[in-house]
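No lab work stands behind these numbers, since they all come straight from the coordinates. For clarity, every value in this text was computed on a predicted model and none was experimentally measured. When we count neighbours, we look across all protein chains shown, and the Cβ atoms used for this are built from the backbone with ideal geometry, even at glycine.
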Amino acid sequence: MTIDVANDAMPISTKKNHSCTTLRITLLTLITILSCYYLWVLYKAVTPNVSIAYKAYYIKTQTLFWQPKEPNLALKIPSSLELSTKVPYLSRAGWNEDADNGARLLTSTGGFYFTLPHKVKQKVKVSITLASSLSSPLHFSVNQWHGIFAPTKQSNVFDAIIPASAFKSGDTLQTLQIKALTPLAFKLVDFAFLSKNDSHQATKPTIASPFNDQ
């Protein structure tokens, strides 16, 4: 009778071992599938297949406004930006979200994020028009290049000449950052390629400054 009991116990033990093995394989399979899924999710989070504008606004929170009509934040030269409107290139840092009296206030360091559809091969003139006059220098940077906006005959208009080497090529997101020591109300920012007349009428050359990007 003891032998019969032992014989009966063997199939039960074998079934338990088989069940445990099956459970382990199932758990390992589930863990592997979940690991692969989360790795895929992590990869998509790091390298999302979205537009430059979407990434700058929603993911990196760099820009102030979301404008689907400018998916690449492509800045054409020449162009004139009315800052009282929702310009898609405006940085989230520095600018007031609401415009007032046809101007937008820059309270601290801020500027623009943009790409250039074509490689810049000549100097670019940038003119800024403020709502009121300004007596102190206005430092700025384009990517890693630094300069100062020079006053013009109009006390509220300032110009700067930027070399082509300051700009990046391709679809790389670029920055123009302005350092405002006091709040300034901006009305217009104009981009244009430097003409022959501008080359000798500049009131003051753009010079390097110790201003660092933020």
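Computed quantities for the displayed model
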read-out: Kirkwood estimate for the stretch 38-136, i.e. one over the average of 1/r between Cα atoms, Å; value: 15.4 Å
read-out: Length-normalised contact order for the stretch 41-194 - Cα pairs under 8 Å, 6+ apart - percent; value: 28 percent
read-out: Estimated FRET transfer efficiency (HIS118, LEU39; beta-carbon r; R0 35 Å; 0.05); value: 0.35
read-out: Computed over the stretch 97-191, the ratio Rg/Rh where both radii use C-alpha atoms and Rh is Kirkwood; value: 0.97
read-out: Förster radius 45 Å - calculated FRET efficiency between THR107 and LEU23, Cβ distance, rounded to 0.05; value: 0.15
read-out: Total formal charge among the other residues, if their Cβ is under 9 angstrom from that of SER127, Lys/Arg +1 and Asp/Glu -1; value: -1
read-out: Residues listed by number, the stretch 111-154, amide nitrogen under 18 Å from ASN96 label point at 7 Å toward C-beta; value: 111, 129-134
read-out: For peptides 74-81, 23-30, sequence by mean Cβ density within 10 Å, most packed first; value: 74-81, 23-30
read-out: Contact order normalised by residue count of the stretch 109-198, Cα under 8 Å, 6+ apart, percent; value: 46 percent
